[in-house]
Each structure stands twice: as structure tokens, then as C-alpha cells.
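Data first, discussion second: the structure below is written as C-alpha cells.
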Amino acid sequence: MLDVSPDEITDGPLGRALAVLAAPMVAQHLVLVGQQVVDVFWVGRISGEAVAAVGLIAPVIGLFGVGTRIGSAGGQVLVSQRVGADRLAAARRAATHCIGFTVGVNLLLAVAVSATAATVVGLFDPGSEVAGLAAAYLGVLAFSKVTSGVSDTVEASYVGAGDSRTPMWLNFLAIGVNLVLDPFLIFGWGPFPAWGIEGAAAATLIGYGVSATVGLALLFSDRTGFSLTTAAFQPDAETARELLSIGLPSGGQSGVRQLARLVVVWIVSAVGGGAALAAYTIGARVATVVFVPAQALGSASTTLVGQNLGADRPDRANRATWLGVGAGAVGLGVLGVVQWLFPTVLAELFVPGVAGETLRLTVAYLQILAYGYWALGTIYTVQAGFDGAGRTKISMYATMLQYWTVRVPVAAVGAYVLGMGALGPFWAITVSNVVAALGMTTYFWHSTRGGMLARAAESAGASAD
């Protein structure tokens, strides 16, 4: 019932293939959100400063994830196209190259970030106590990006091959180990030493290390539909070039997005103070749950598009994209209506006891976000049409325009010129999402009429095995 073969992806009902691929990814992303909540719960038992330190490190870790994004995005697209073309040896090479690239880049970054953790944290000037905790946390967490990078690229290879269940179980394993170890390593339960905030980072490192180890072991076995051979580890310049050609724009897209978010957070804090920043944080937590189905649909659509292009079915790749766009827009639109109707309930559900100016701004922000949820569902899925075709540069340029041409300027004008305070940046987020959704769907329609998917299918089938 929850299986979908490459033949079904390229010849069967698209709706079923999309649902079967997306469902496990929705589950694993929801569990990931739960992990973040529980993580903060245990860190909160240390002190309020410890929670602030974890929050401070979040954007730094987001930027640090660019290397993983390059490897996983490039790997998923290449594996999906080559599996669709029934070129399994080439698909295996793509998987090994994306894993190897991510390990190398993240290991170099981990050493550099860990060695300079205090300097990096000092750039934010958070105060001595928070700075010390943040530096200690970052010094250990940096190395978790190596293990999580392996785990993420292994999962991307499976998803590209049309298997989203194995990545789901690998994610559950990583998160489960993390959650079990958290209190033991933070507070020194049993024979463990009390490592405090560093224990939380170590639990994350170990959790993803276990997941990466199991994932690699599965890739070398015949227990799943996609496996590796020793021959796949032979370096191949053409595979490396294709990986970077597809992955680098996705990495740049991620970096551009994270930097713009830092600027928006700075504006929110500058014009609205602690109450506005708290409202922004609560809104982000609620929105993270809403993003889950959009991200899952986008990833599933990327695999559908890639495999159908590899099988020389650009017509089905086009239909798969628009099917995902419709499902994303309608599904998230419905969630937006619910959020607009019950913002106070959601705010108090995520942060019990929220009140006063913080509650007022949180309610306003949640309702403002709700107007643009349909657009988020559209963005993630129409982007899959470009990414599955290997045209990740288009997604990167669209993100640059969305964040730096619309979001940041509108946030600044709203906050400082129009005197809207924190509501200026809040509205900027929704406005930029709507503009991006309309622009990307229009350009995708125009590009497909111009033969983009047909050329991508020809290119995917032309690469030598």
C-alpha cells in the first residue's frame, strides 16, 4: 500500500505516487518538529540563558547547512533522473559522490567553526553568560553537521530512487536516539557526566551518527530497492561536475535565504523589541509545522519530475508539477484559514502563558502569515518542477528576488518609512511569498511552453552510463 516502484512513478497514477512519496516525509518532518520542542524543553531546565544560546546559534547552523544542501539537492535530482532512465550504475555513482562531497565540506567547516566558536558568537554581542553557553554549544554542534550531513545525503539518495519510507525510519532513529540521550548527557543521569548544554549538542551528534551508520549499512545491503556497490565509489569527473552544477545553486539559495532572515530578525528586534521578537519566534514555530506538508510535497514532486524526465516523459513531469502545485496551494490554504480563525489558541498551545503585547503581536503575525500560506504551498512545489529538471539556478534566482528584492526592502520600508513597527516586517514575509508564488508559476508555465522539460528529458537521457 505504501510502496511505489519506478514503473509506477513513470507510468502509474501520479496522484498515488505523489501521496505515497510525500506521506513518510510529512511524518518524519513532524517528528523533527517534535524533537526541536523537546530539545528546548530539556535545555530550558538548565537556564533561560541556555535557551537563548540555542536560539542564537540557530541562524549560524542554518548557514552552516549550505554544504549539506548542495550535496543532498544535487544527489536527489541526479539519482532520480538516472533511476528513471534505468541507469542504476550511474545513479549509484551520483549517490556516492553526493555523500563524499558533503562529508568533506562539512568536516572542514566543522573544524573551522569549532575553532572560532567564541569569535562567531561574539559578533552577535549577546552578553557574557549567553555568549559562553552559545560558544560551548556551537563548538560541539558543529561536528554534528558531519553526521547529519551523511544521514541527509543518504536519505536524499533513497528519495531520489523513489523510496521515502527508509529515510523516514532513519530520521526516526536519529531523533529517537537524540531524545533519549538528551537528559542523560545534559544532567549526568546514571553513569554519564553532566555536560550541560554541550550534552544537548553531543546527543544530536550521536543520534545522527547512528542514523548515518545504519543508512550506509542499508545502502550496501540488498534490504532496500536501492543499493551501492564498491564500483560506485570510483571517482568520476562528469558526475562530480553534474552534482555541483545542480547542487551549488541550491546551496546558494539556502545561504541567501538564511542571510535575509537574519536581516529581517534584526529589523523586528530593532523596531519592536523583545515582545516583537518573541511574537516572531512563536509565529516561526507555528509556521514550521505548516511548512511540513509543503516541503514533503516539494521533495516528492522533485523525484516524480526527475524520474519521468529520465524516462523521457516530459508530459508526465509537467503534470506532476502542476498536481503538486494544486495540492500544495489548496492544502496549505485550508491550514491558513484555520490559523486565521484561531490564532490565539495556536499561540497559547505553543507557548502557554503568552500574554500582553507579545500575545497581541503574535495574533497579528499569525493572521498575516495565514494570508500567504497558499503561496508557500505553491512555491515549494513549482520549484520542484525546476529542480527535478536540473534547473536549480532558476530556483536560486527566484529566492534571491523573493528575499532581497521584495522581503528585505518591504520590511525596511514598512518598519521605518510607513511607521508600521514590527507589522512592517511581518507583512513583508507574506507579500514576498505571494509575489514569489505568482512569479514562479508564471515563469514555469512560460518555460514549459518553450520546451524546457523536453530539453531536460533529452539531457537526462543523453548522459553516458
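Which order do the peptides 329-341, 393-405, 207-219 come out in when sorted by mean C-beta neighbours inside 10 angstrom, highest first?
Highest to lowest by the protection proxy: 207-219, 393-405, 329-341.
How large is the Kirkwood hydrodynamic radius of the stretch 225-290, counting all unique pairs of alpha carbons, in Å?
Roughly 15.7 Å, rounded to one decimal.
Tell me what the chain gives for mean residue ellipticity at 222 nm when only DSSP H runs of n ≥ 4 count, each as -39,500 (n - 2.57), the sum divided by the residue total, rounded to 500 deg cm²/dmol.
Computed ellipticity for the chain at 222 nm equals -28500 deg cm²/dmol.
What is the Cα centroid distance between the stretch 272-323 and the stretch 409-446, reported in whole angstrom?
19
Subtract the Cα-Cα distance of Val417 and Thr405 from 0.36 nm times their separation in residues, and report this length gain in nm to one decimal.
So the chain would gain 2.6 nm between Val417 and Thr405.
Viscosity 1.002 mPa s, temperature 20 °C: Stokes-Einstein D of the stretch 1-235 from its Kirkwood Cα radius, in µm² per second?
It diffuses with D of about 115 µm²/s by this estimate.
Report the full-extension gain for the segment Val289 to Ser47: residue separation times 0.36 nm, less the Cα-Cα distance, to one decimal in nm.
So the chain would gain 84.5 nm between Val289 and Ser47.
May I ask you to derive the FRET efficiency for Ala58 and Leu438 from their Cβ-Cβ distance with R0 = 45 Å, giving the value to the nearest 0.05?
Efficiency at R0 = 45 Å is approximately 0.90.
Grab the Cα-Cα distance for Phe342 and Arg223, subtract it from 0.36 nm times how many residues apart they are, and report the gain in nm with one decimal.
So the chain would gain 38.3 nm between Phe342 and Arg223.
If you average the sequence gap of Cα pairs under 8 Å that are 6 or more apart and divide by the length of the stretch 249-465, what percent do you get for the contact order?
After rounding, I find 31 percent.
Could you give the Stokes-Einstein D for the stretch 152-254 in µm² per second, using the C-alpha Kirkwood radius, 37 °C, 0.692 mPa s?
The calculation lands on 207 µm²/s.
Is the shape of the stretch 249-465 rounded, prolate or oblate, going by the alpha carbon gyration tensor and its root eigenvalues a ≥ b ≥ c, with a/c under 1.5 for rounded and a/b larger than b/c for prolate?
Because a/c hits 1.5 or more and a/b exceeds b/c, the stretch 249-465 counts as prolate.
No value in this document is a laboratory result; all are computed from the given coordinates. Note that the coordinates shown come from a computational prediction; the quantities given were computed from them, not determined experimentally. Using ideal geometry, Cβ is built from the backbone for each residue, glycine included, and neighbour counts are taken over all protein chains shown.
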